[in-house]
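S.K.: If you scroll down you'll find the structure; I have some questions about it.
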Amino acid sequence: MRVVKTIDEVRRQVKEWRAQGLTVGLVPTMGYLHEGHASLIDASHRDNDRTVVSDFVNPMQFGPTEDLESYPRDIEHDAALVEAHGGDLIFHPEPEEMYHEGFSSFVDMTVLTQELCGLSRPVHFRGVCTVVSKLFNIVKPDRAYFGKKDAQQLAVIRHMVDDLNMDIEIIGCPIIREADGLAKSSRNTYLNADERKAALVLSQAIAIGKDMVKNGEKDCAAIIGSMKQHIEAEPLARIDYVKIVDCATMQQIEKLDRPALCAMAVYIGKTRLIDNFFTEDV
Ligand code: AMP
């Protein structure tokens, strides 16, 4: 397992693998890897001969008041985790390697990004689409792996690949959780002990919503109301959004009459956490 910092090194390695007829999977990450990321690496290792993990805190997808500077980083830990899960190469570039002086081309999307996280984080998906396109062009993988934890991101990437005829199979992987239900996230490290306890309202609200769907509730306002009520009872929690959207359009719906995504973003103290469920997975 190698860690490389330049685009040239990645291209050289992938070319060598291609010459041997090997298939390549890509797992894009921002590092500080946990079992959620590990599950994507496992999936790639199962499906492909070689797995590349990108480990890059992408400045372009952070807004001016967001946590770019404080985002946790630990490449030694990441390298050990990737190796343990059968990854073959980590691409760990500096921002200047990805965005040279004069960089001025972007991949933007006008649909799917107008709701949910796209509303609260206006520059986010442009940054995600641009960096993922660059990674696809650098690695040219057969398959790329994304977590359902970032459900809107997964939908946006699938749409981008379809719109721009990128010849890459996108694989969505289930959310990995802590034993008590909290979705694993690099940002969980920001939480102090009280906040860590309070953060359970997210997965508890998800469980409430799932139960209602399972019991046949079709009224989205009723489901969202019960979920919000649970979260609002926690003094350390502040809701950014709890919404139910059409899976295909990411537009809000009133009745559960089609495949839907129920997604939330909630601040616990200063930390913004997300969680979700797809009604089809209930
Ligand atoms: P990040 O490093 O947070 O940008 O995440 C990199 C990839 O890992 C994204 O596709 C995420 O959706 C995925 N991921 C992050 N946390 C989890 C989790 N708890 N379960 C499954 N996938 C995850």
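The values are calculated or read from the model by the stated rules, or taken from the named source; none is laboratory data. In this text, all values refer to a predicted model and were calculated from it rather than measured experimentally. Heads up, the Cβs are rebuilt from the backbone with ideal geometry, glycines too, and the neighbour counts pull from every protein chain shown.
S.K.: Let me confirm something: among Val10, Val82, Val14, Val24, which residue is away from the ligand (no atom under 16 Å from the Cβ) and within 18 Å of Cys173 (Cα to Cα)?
M.R.: Val24
S.K.: Select the helices (runs of 4 or more DSSP H) contained entirely in the range 150-261, then report the ones holding at least 2 residues which are closer than 26 Å to His124 by Cβ and within 16 Å of the ligand (Cβ to nearest atom).
M.R.: Per the criteria, 151-163, 200-214.
S.K.: Oh, and also: If you check Ser203, Ser185, which single one turns out to be among the small types (Gly, Ala, Ser) and within 28 Å of Ile75 (Cβ to Cβ)?
M.R.: Sole residue among the options that is among the small types (Gly, Ala, Ser) and within 28 Å of Ile75 (Cβ to Cβ): Ser185.
S.K.: Let me ask another. Report, ordered by the first and then the second residue, all pairs with beta carbons closer than 7 Å, sequence separation of six or more or different chains, a first member in the range 123-152 that is within 25 Å of Pro64 (Cβ to Cβ), and a second member that is of a type in the set (Val, Ile, Thr) and within 13 Å of the ligand (Cβ to nearest atom).
M.R.: The qualifying pairs are Phe125/Val156; Val128/Val156; Cys129/Val156; Val132/Ile157; Lys149/Ile175.
S.K.: Oh, and also: So, in the range 85-105, exactly how many residues are without any contact (Cβ under 8 Å) to a residue 40 or more places away in the chain, over 11 Å from Asn58 (Cα atoms) and not acidic (Asp, Glu)?
M.R.: Residues meeting the conditions: 5.
S.K.: Any residue at all in the range 139-147 that's away from the ligand (no atom under 16 Å from the Cβ), under 24 Å from Val14 (Cβ atoms) and either in a loop (DSSP other than H, G, I, E, B) or outside the structural domain of Val52 (by TED's automatic domain parsing) (or both)?
M.R.: Yes.
S.K.: Just for the range 113-138: of the residues that are in contact with a Cys (Cβ under 9 Å, 6 or more places away or on another chain) and away from the ligand (no atom under 12 Å from the Cβ), which one is nearest to Gln13 (Cα to Cα)?
M.R.: Checked the range 113-138; the qualifying residue nearest to Gln13 (Cα to Cα) is Phe125.
S.K.: Is the range 235-243 home to any residue that is within 18 Å of the chain's Cα centre (by Cα), on the phi < 0 side of the Ramachandran plot and not charged (D, E, K, R)?
M.R.: Scanning the range 235-243, I find at least one residue that is within 18 Å of the chain's Cα centre (by Cα), on the phi < 0 side of the Ramachandran plot and not charged (D, E, K, R), so the answer is yes.
S.K.: Is it true that some residue in the range 35-42 is among the hydrophobic types (A, V, I, L, M, F, W, C) and closer than 23 Å to Ser70 by Cα?
M.R.: The answer is yes, given that some residue of the range 35-42 is among the hydrophobic types (A, V, I, L, M, F, W, C) and closer than 23 Å to Ser70 by Cα.
S.K.: Also, quick follow-up: Output the number of residues of the range 113-132 satisfying the condition of being more than 15 Å from Asp240 (Cα to Cα) and touching an Asp or Glu at 6+ places or on another chain (Cβ under 6 Å).
M.R.: Qualifying residue count for the region: 1.
S.K.: If I ask for residues that are farther than 11 Å from Ile138 by Cα and of a type in the set (Val, Ile, Thr), which ones from the range 9-30 would you list?
M.R.: Selection gives Thr23, Val24, Val27, Thr29.
S.K.: Note down all Cβ pairs under 8 Å where the first residue falls in the range 21-46 and is of a type in the set (Lys, Arg), the second is part of a loop (DSSP other than H, G, I, E, B), and they're at least six residues apart or on different chains.
M.R.: Taking only residues 6 or more apart or on different chains, not a single pair turns up.
S.K.: Every residue in the range 212-246 that is surrounded by 15 or more Cβ atoms within 10 Å (Cβ to Cβ), under 27 Å from Leu112 (Cα atoms) and among the hydrophobic types (A, V, I, L, M, F, W, C), please.
M.R.: Passing the criteria: Met212, Val213, Cys220, Ile223, Ile224, Met227, Ile231, Ala237, Ile239, Val242, Ile244, Val245.
S.K.: Regarding Pro122, is this residue crowded, with 22+ Cβ neighbours inside 10 Å and assigned to a loop (DSSP other than H, G, I, E, B)?
M.R.: In short, no.
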